[in-house]
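Colleague: I am attaching a structure below and will ask some questions about it afterwards.
The values are calculated or read from the model by the stated rules, or taken from the named source; none is laboratory data. Being a predicted model, the structure only gives us computed values, none of them experimental. Every residue, glycine as well, gets a Cβ built from its backbone with ideal geometry; the counts of neighbours run over all protein chains shown. Remember, those area values only see protein heavy atoms, side chains included, never the ligands or the DNA or RNA. Shrake-Rupley method; radii C 1.70, N 1.55, O 1.52, S 1.80 Å.
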Amino acid sequence: MDRFKTHVLPLIQDQLIELGAGHLPLSRMLTASREADQGDLSLPCFGFAKVLGQSPAAIADSLAAAIPPHEAVASVRAVNGYLNFTAAADWMAASLLQQSQEQFTTDQPRTVLIEHTSANPNGPFHVGRARNAILGDTLVRLNRLWGNNVTAEYYVDDMGKQVAVLAWALAELTPERVEAILEEREPVNAQWAHKADHQRVRFYQAAQILRQDEEVKNSIEEAIGSLVHASEHGDENVLDAFQAAYQPVLDGMLETLARLGINFERFTKESTFVTNGDVAELMETLQGLEIHGEAENGAHFLDLGARGLKGKTEFFYRRGDGSSLYATRDIAYHRWKWQQSNALVNVLGEDHKLQAKQVGLTLEELNERRPEVVFYSFIKLPEGKMSTRRGNVVFMDDLLEEAQAQAATVVRELRPEYHEEDVIRIAEAVGTSAVRFNIIKVSPEKGFTFRWEDALTFEAGSAPFAMYSHTRACSISAKVAKIGRPQQPVTVPSSDEIPEGMRSLLRALCTQRDVLAKAVEEHRPHLFAEHLLQLANAYNAFYRDCPIVDGDTVNEFYFAVSELARERLQLGLTGLGLEPLQNM
RNA sequence: GGGCGUGUAGCACAGCUGGAUAAUGCAUCGGCCUCCUAAGCCGAAGAUCGCGGGUUCGAAUCCUGCCGCGCCCGCCA
């Protein structure tokens, strides 16, 4: 509706200048109407009352009377001090049918580096980690849809304690010992027994249990501590051993993510910045800063209280032994990232808020910009927080398998005529899409409790609902293709010949681009998800009210609108990582 | 204790850069398959917007106090 606004704005502006209120920020005041029956754009006239010395209702009335007719405007009405504009259906249809691809994407594309997921490679991907990956990948997709040039990057934590624990366990424990330690827990799901992430996490979990054991914990701690120490000083043998330990796990995790349609262009290892000297150079630079401080044992910190940080203001970036900390490496990483891209977006769990603030303030201290960060609240289970260490998790592999199975049950029931291979293909698309949508439709800062019954809903308000509208459009498309008829130009009928069911569809099609722009600029994919449901819903009303094929005759105008909607539904589904099936 | 976030119908959730009758889905109740796929459509009922104060012509939205929940406050990652 931004295009509608560009037509309406000058019409009002001229009248306001005449009335003597031309200086007010009209563009900001003219906003989308809240209810569909109010129109498309509304101008509250309360703000003019004081300046003009008249009641809002009187101002709205006189504006309504003075606005000249315009092809884009169906009606201007004054209601309760509001001036409501309704877009003309024929104008919407005509401008939508003319719009080219270039007009849909941004005219100022950015180069954006989006870092997301970056989960420690110590075990299978679980639902608790999924919000990051799904949020991040959706941001990647929406940015691309908007015309931005995007790199999706996974920052591999290849030198921390978690990897050290994994490497230690793989070197020191036998499979038999591991299973003996874990006998209280559920065994590995046989279906995933071949996947290294599921195999190796057992070693990790066993080690975590041993680390609690009074008899051996000291010696283990010492062994792991020396591994961590060596990795932080860039010991290549240790780093190689770490990589040998985690790479198969990471590969397993990526296999899971790929099933959800999530892929990365680049993997950057944390240790890179230690071995190439960036971290050492960074620490030297930080030492020269005005806010630098040193503790008794030789550890270094910055006093970020001087830069507005509240609470604990000392930010330690160097240990007493001279080694770096995770945040220090993260700063080096960010300086490197700024050389790759002119916009940085990070997707982080809310537990990283303080850390991100420290990194951001330090980057500013170094005359770099801070990245844009999208924080999300954790996904918990009804029983509580998920944890790989404790083993109370829902693995993504299990969830996707279950989703597919449930979807297959539905398909078999609804479409008994389908062949089994089609059932599986459709069920896979429906299952993975439903899982993604269930998570992406909720705004990230909201706490999220994972429930099987929510994740596996295929009704209105879910991914399959939107996918279903798309298949309806596809089947019309196929039906029309089969009829085969001479190509003729589409003529848009006058507004009063356009049924109500089509109006809501035209409106939804008109607002899609505005919503995409907002979702991308504000990093809020759920807005776009919400809109896709609206679009699908509007398509269903159109489908009901506007029969396209009647025997051998095709209503060309309806068909053109249906085709546009089909393309836009497909675009919306793809943008959210949902699979646009032809039939389901 | 301090910082950040969150609290909206039975459940889940949108709206939060102030504006009209607080949107949507599930669940509940009723209607629609000789008709382009009913994973759909139409309708009904359901909300002291956590509680108290304040600012404003106008507050779910802004400020403030309290209460509940989450995360953080490591020379861990």
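Colleague: Considering only segment A:43-80, state which residues are within 14 Å of RNA strand B (Cβ to nearest atom), in a loop (DSSP other than H, G, I, E, B) and either of a type in the set (S, T, N, Q) or open to solvent by less than 60 Å² (accessible area, probe 1.4 Å) (or both).
Modeller: A:Cys45, A:Gln54, A:Ser55, A:Asn80
Colleague: Moving on. Do we find that A:Leu166 is within 16 Å of RNA strand B (Cβ to nearest atom), closer than 30 Å to A:Leu569 by Cβ and in a helix (DSSP H, G or I) in this structure?
Modeller: Details: within 16 Å of RNA strand B (Cβ to nearest atom): yes; closer than 30 Å to A:Leu569 by Cβ: no; in a helix (DSSP H, G or I): yes.
The answer is no for A:Leu166.
Colleague: Further question on the same structure: Would you say A:Leu456 is closer than 25 Å to A:Tyr539 by Cβ and either touching a residue at least 40 places away in the same chain (Cβ under 8 Å) or more than 7 Å from RNA strand B (Cβ to nearest atom) (or both)?
Modeller: Numbers: closer than 25 Å to A:Tyr539 by Cβ: yes; either touching a residue at least 40 places away in the same chain (Cβ under 8 Å) or more than 7 Å from RNA strand B (Cβ to nearest atom) (or both): yes.
Yes, satisfied.
Colleague: Looking at segment A:1-20, which of the residues that are crowded, with 18+ Cβ neighbours inside 10 Å and of a type in the set (A, V, I, L, M) is farthest from A:His531 (Cα to Cα)?
Modeller: A:Leu16
Colleague: Another one. What number of residues in segment A:21-31 are open to solvent by less than 80 Å² (accessible area, probe 1.4 Å) and at pLDDT 85 or above?
Modeller: Residues of segment A:21-31 that are open to solvent by less than 80 Å² (accessible area, probe 1.4 Å), as a first pass: A:21-22, A:24-27, A:29-31.
When the remaining residues are screened for being at pLDDT 85 or above, the result is A:26-27, A:29-31.
Of the residues in that region, 5 qualify.
Residue-by-condition table, conditions (1) open to solvent by 70 Å² or more (accessible area, probe 1.4 Å); (2) touching a Pro at 6+ places or on another chain (Cβ under 7 Å); (3) hydrophobic (A, V, I, L, M, F, W, C); (4) closer than 15 Å to A:Ala133 by Cβ:
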| residue | (1), (2), (3), (4) |
| --- | --- |
| A:Glu255 | yes, no, no, yes |
| A:Thr272 | no, no, no, no |
| A:Thr275 | yes, no, no, no |
| A:Ala280 | no, no, yes, no |
| A:Leu286 | no, no, yes, no |
| A:His292 | no, no, no, no |
| A:Ala299 | no, no, yes, no |
| A:Thr313 | no, no, no, no |
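Colleague: Here is a follow-up. So which pairs qualify, if the first residue must be in segment A:555-584 and touching a residue at least 12 places away in the same chain (Cβ under 8 Å) and within 13 Å of RNA strand B (Cβ to nearest atom), the second must be open to solvent by 30 Å² or more (accessible area, probe 1.4 Å) and aromatic (Phe, Trp, Tyr), the Cβ gap must be under 7 Å, and the two must be at least 6 apart or on different chains?
Modeller: If the second residue must be open to solvent by 30 Å² or more (accessible area, probe 1.4 Å) and aromatic (Phe, Trp, Tyr), the pairs left are A:Met584/A:Tyr468.
Colleague: A:Phe437 is checked against (1) within 9 Å of RNA strand B (Cβ to nearest atom); (2) closer than 30 Å to A:Arg129 by Cα and fails just one. What number does that condition carry?
Modeller: (1)
Colleague: Does segment A:86-109 include one or more residues that are touching a residue at least 60 places away in the same chain (Cβ under 8 Å), open to solvent by 10 Å² or more (accessible area, probe 1.4 Å) and in a strand (DSSP E or B)?
Modeller: no
Colleague: On to the next question. Can you find a residue that is near RNA strand B (Cβ under 10 Å from one of its atoms), charged (D, E, K, R), open to solvent by less than 20 Å² (accessible area, probe 1.4 Å) and part of a helix (DSSP H, G or I) anywhere in segment A:339-356?
Modeller: No, segment A:339-356 contains no residue that is near RNA strand B (Cβ under 10 Å from one of its atoms), charged (D, E, K, R), open to solvent by less than 20 Å² (accessible area, probe 1.4 Å) and part of a helix (DSSP H, G or I).
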